[in-house]
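J.: Have a look at the structure that comes next, please.
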Amino acid sequence: MTRRAPDVPGGTAAGRSTPELTTQDLTTQELMEEQSRDRPAPSATYRVQVRPGFGFDDVAAVADHLAALGVSHVYLSPILAATPGSQHGYDVVDHGRLNEDAGGRAAFDRMVAELHRCGLRALADVVPNHMAVPTPVRLNAQLWSVLRDGPESPFARWFDVDWTVPDHAVLMAVLGDRIGTVLRNGQLTVDRAGDEPVLRYFEHEFPIRPGTEDLPLEELVDRQWYRLAWWRVADDELNYRRFFDVGTLAALRMEDPRVFAATHALLFELVEAGALQGLRIDHPDGLADPRGYLRRLDEATGGAWVVVEKILEADEQLPADWPCAGTTGYDSLQRVGGLFADPAGAAPLGELLTELTGEPTEIAAVVEQAKREIVEQSLYTEVNRLVDLLAVICHDDITLRDHTRRQLWLCLVELLVAFDRYRAYVVPGEAAPAESVEVVDHAVERARPRLPEDAWEALDLVRDLVLGRRVGRGARGWQDAARRAEFVIRFQQTCGPVMAKGVEDTAFYRWHRLVALNEVGGDPGRLGVPPEEFHAFAAMLQAGRPGTMTTLSTHDTKRSEDLRARILAISEVPQEWAAAVRDWMEAAGKYGSPEGWPDAGTAYLLWQTLVGTWSPAGPLAARRLREYLTKAMREAKQTTSWVRPDEAYEKAVHAYADAVLRDGEILASLGTFAAALDPAARVIVLGQKLVQLAMPGVPDVYQGCELVDLSLVDPDNRRDVDFDERRARLARLDAGDEPADLDDEKLLVTSRLLRVRREHPEWFAGPASAYVPLPTSTGNAVAFGRGTADGPEVQAVAVATRLAVALERHGGWAEHTLTLPEGRWREVLTGREAAGGNVRLADLLTGLPVAFLVRA
């Protein structure tokens, strides 16, 4: 195929023709290098949340600030037409139009022109996995057609619908009560006033199947290509694949070339015109064939820079044969943050958690229970569909027929609970990669002890089918082969929702040893990443995916980078923290309800949240705290949930939080503790930002995070950003003013490193760039060099302080040194100069706990 590389500020690349690659042709390392070649990366990106109130013209209005900051690309949230009023844009209703709430095509074109005038380019977030099921449904013309015309609709293959259900109808679980009650109450009516008759239920409207318009009401309702149902029916009987457990987001069959072409035509037009120069792909694990999707995308865009929102667990790596620059950076987020967490805090913080809440010191049991609940409840319909496939496969093969549905159900549940990542990377018709076999086998051996012995053979069968192996008589006929292939695909499409909903959206809201670690793709059970491990990770990125994205905050992070930094600092003072929390819990005990609410786990989350969000102005506003606690409690799904909210419990927790925020004595104690934590938190805030901006990859700055940002999970992190303040602060620093506070210091670090990256992209994100760990005489500093492999290998050096409390206890830097490569060096943040060789850290890190040096 022919790949055309678009121009990027700071460098150009000529297009070239390359043959189609397969895993049989190249080694893993060669494959990863091939994916990076001819894929020019931005120097840095800045994420903005496009929404009503901050549209394309508003993005244009801040282009001057973003250019001055030093990024090369503005990274837009989804830009296609979404459900009117959408605050995020992931609920697309029309792939052929740009978002009218953001200003539509005219405003988009004005934005692009202004970005280009300022020397910037644009990237966009793409949502290939699903479309909205909006209210009213007619906003989604394709879905409206399917509901009206059923399997005969030209768009029937767009959506992943199981038409084999008894009534051959798409389940629309939107009713506030059971269908019989709704009919008796006269809440369903036929409206013939418009262009076509519709069935109405309050604000909902649905098309009427041609030929049924004149039937009596109950018969008409029963004869549609959709089944109206009570909303609680969805988790049990929904027959279209959805995004996780969200019934208002219907999954698309992106594996169909016609669907791919129709849903991407406008995006490809914008790429071809130079209006977009890269794409961020949302939730690739939901796709039937992520690799195939990315290959089509690569060919259609001429090799544009593409990153995927892929959550990698533990040491998992992005498949080498996925043609993309890398991930959106959750893997780097974990390593960078881990550098600044003190592993010595793990044991005392675990003991405190158990003392206060009764929770175990390890999270594994909490994760297992949460995943089991999700598999058996929220995702019952997805699991049941998998069991249906297994049952038919076994029934149609006489050698497998005695594996009962009950056994298959038990085995599948246990395997999904035991599976420890989002995907197995098995492609039907191809031999499963060795790593995939290892991962599946590991899950099988974890699942086996939880099953009766008479189900073990069925478990082995399920394993072999997951891996696409020939079992039984093997696939006999195209139908059997299709079912086996479908099982391979659907199993992987179910693993992601189980992980996301079971781990990140349930277990992480139940287990609160140190909530800064309860992050997307994170492992809260592991505290701290030693410098040697970080260097190995960075070297791996440099060798395999040098154009990958790195990040510290996103629209999906549960806490912003600086809020996490404040909480990570607690790991350095676990005894002091334990004493303070005991005092606060005792002092606030009088605010609990007669029922004993809030429970100890929620209260402990409250104290970490208050310290994490504490700013020079004091605690966060009561409204923000209540909104966050509501989300956290419902995600935990213990006493209340989104599906079954317990109003009395939630009111009791809100009352407790409000009372704490009114208690002057408690607030004074909180303020004292927060102030004592500030120096260590400052070191982490600046250190992790410096490391992220200097390490291999393309750093993203989430909107507003060039200053200290203490946002919680969405929608809190999508609040308006004061760009005027950021513009004014940057102007003062550029005029030579010294930083006045931590906001200025973070802005200084961010802007100066971004500008160096923009001036010298070859040092940082390209295949020819170099990453070199540099020796220090103490583990309280981490340092590395960046440069080019074909020139002086080290042209820039990043140095960050870590574990500042331990450093202070040991008397500071004393005579500890950093070994700089030979030559003259200029420290970018302060203007000081240094000579190569052994440099005293005390001299280098004066005023700021970080340094960034370039060859003078």
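J.: Can you work out ³J(HN,Hα) from phi for every residue in region 803-817, in order, using Karplus 6.51 cos²θ - 1.76 cosθ + 1.60 and θ = phi - 60°, giving whole Hz and x for Gly and Pro?
T.: Karplus-based 3J(HN,Hα) across region 803-817 equals 6, 5, 5, 4, 4, 5, 5, 8, x, x, 6, 6, 9, 5, 9 Hz.
J.: May I pose another question? Distance cut-off 31 Å, Cα to Cα: go down the list Lys371/Lys651; Lys371/Lys590; Lys637/Lys746; Lys310/Lys637; Lys310/Lys371 and report the pairs above it.
T.: Listed pairs above 31 Å: Lys371/Lys590; Lys637/Lys746.
J.: Still on this model: With all protein chains present, calculate the accessible area of Leu267 using a 1.4 Å probe and round the result to the nearest 10 Å².
T.: 10
J.: Which whole-number value in Å² is the accessible area per residue of region 308-411, probe 1.4 Å?
T.: 36
J.: Top to bottom by accessible area (1.4 Å), largest first, where do Glu203, Glu725 land?
T.: Greatest to least solvent exposure: Glu203, Glu725.
J.: Another question, then. Under 5 Å between amide H atoms, partner at least 5 residues away or on a different chain: which partners does Leu276 have, H built in plane at 1.01 Å?
T.: The answer is Val271.
J.: Right, next: Fully extended, how many nm does the chain gain between Asp722 and Arg157 (0.36 nm per residue separation, minus their Cα-Cα distance)?
T.: Stretched out fully, the Asp722 to Arg157 stretch lengthens by 198.9 nm.
J.: Leaving ligands, DNA and RNA out of it, report the carbon-plus-sulfur percent of the accessible area of region 79-121 at a 1.4 Å probe.
T.: Here it works out to 49 percent.
J.: Between Asp167 and Asp741, what is the spin-label point distance in nm, taking each point 7 Å from the Cα along the Cα→C-beta axis?
T.: 6.0
J.: Let me check I've understood the local charge: for Ala587, count other residues with C-beta under 12 angstrom from its C-beta, Lys and Arg +1, Asp and Glu -1. What total comes out?
T.: Net local charge, Ala587 excluded: -2.
J.: A follow-up question, please. In the set [x] 0.97; [y] 1.13; [z] 1.05, which value of Rg/Rh (Cα atoms, Kirkwood Rh) was calculated from the structure you see?
T.: [x]
J.: So which DSSP H runs in the chain come out at 27 Å plus along the axis (Cα) with average Kyte-Doolittle of at least 1.0?
T.: For the chain, where a helix must reach 27 Å along its axis and average at least 1.0, the hits are 664-694.
J.: Give me the net charge of Ile363's neighbourhood, meaning all other residues with Cβ under 10 Å from the Cβ of Ile363; Lys, Arg count +1, Asp, Glu -1.
T.: That works out to -1.
J.: Alpha carbon centre of region 708-750 versus region 538-586: separation in Å?
T.: 19
J.: Okay, next question. Residues with amide H under 5 Å of Thr817's amide H, sequence separation 5 or more or different chain, H placed in the peptide plane at 1.01 Å from N; which?
T.: Those lying under 5 Å, H to H, from Thr817 are Ser777, Thr778, Leu841.
J.: Still on this structure: For Arg178, Arg423, Arg385, what's the largest-to-smallest order of accessible area, 1.4 Å probe?
T.: If we order Arg178, Arg423, Arg385 from most to least accessible, we get Arg178, Arg385, Arg423.
J.: May I pose another question? Let me know the charge dipole size of the chain about its Cα centre in debye, to the nearest 20, where only the beta-carbon of Lys, Arg (+1) and Asp, Glu (-1) is charged.
T.: Dipole about the Cα centre, nearest 20: 740 debye.
J.: Would you mind pulling out the separation of the Cα centroids of region 46-119 and region 440-464, in Å?
T.: Cα centroid to Cα centroid, the span is 49 Å.
J.: For labels at Ser641 and Glu457 in the simple 7 Å Cα→Cβ model, what's the distance in nm?
T.: Distance between the two pseudo-spin positions: 3.6 nm.
J.: Per-residue ellipticity at 222 nm for the chain, helices alone: DSSP H runs ≥ 4 residues times -39500 (n - 2.57), over residue total, nearest 500 deg cm²/dmol?
T.: Helix-only estimate at 222 nm: -13000 deg cm²/dmol.
J.: For the pair Glu486 and Ser615, what calculated FRET efficiency results from E = 1/(1 + (r/R0)^6), where r is the Cβ-Cβ distance and R0 = 51 Å, to the nearest 0.05?
T.: E between Ser615 and Glu486, to the nearest 0.05, is 0.45.
J.: Kindly work out what percent of the DSSP beta bridges joining two residues of the chain are antiparallel, to the nearest 5.
T.: 65
J.: Could I ask something else about it? Considering only protein heavy atoms, with the full assembly of protein chains and a 1.4 angstrom probe, order Lys501, Lys651 by accessible area, largest first.
T.: Lys651, Lys501
J.: Can you tell me, using C-alpha contacts under 8 Å and at least 6 residues apart, the relative contact order of region 393-502 as a whole percent?
T.: 37
J.: When all protein chains stay in place, what accessible area (Å², nearest 10, 1.4 Å probe) is found for Cys705?
T.: About 0 Å², ignoring ligands and nucleic acids.
J.: So what's the gap between the Cα centers of region 480-537 and region 292-364, to the nearest angstrom?
T.: Cα centres, region 480-537 to region 292-364: 8 Å.
J.: In addition: Report the net charge of residues surrounding Gly194, where surrounding means a beta-carbon distance below 10 angstrom and charges are Lys +1, Arg +1, Asp -1, Glu -1.
T.: Once positives and negatives cancel, what remains is -2.
J.: Output ³J(HN,Hα) for region 843-856: one whole-Hz value per residue in order, computed from phi by the Karplus curve 6.51 cos²θ - 1.76 cosθ + 1.60 with θ = phi - 60°, and x for Gly and Pro.
T.: Listing the rounded values in order: 6, 6, 9, 9, x, 10, x, 9, 8, 9, 10, 10, 4, 6 Hz.
J.: Relative contact order (percent) for the chain, with alpha-carbon contacts under 8 angstrom and 6 or more residues of separation?
T.: Averaging sequence separation for qualifying contacts and normalising by length gives 13 percent for the chain.
J.: Just subtract the alpha-carbon distance of Ala856 and Ala314 from 0.36 nm times their residue separation and send over the number in nm, one decimal.
T.: Working it through step by step, the gained length comes to 191.2 nm.
The values are calculated or read from the model by the stated rules, or taken from the named source; none is laboratory data. Small disclaimer: the values here were computed from a predicted structure and weren't measured. All Cβ positions, even for glycine, are placed from backbone atoms using ideal geometry, and neighbour counts span all protein chains on display. All accessible areas refer to the heavy atoms of the entire protein, side chains included, with ligands and DNA or RNA removed. Shrake-Rupley method; radii C 1.70, N 1.55, O 1.52, S 1.80 Å.
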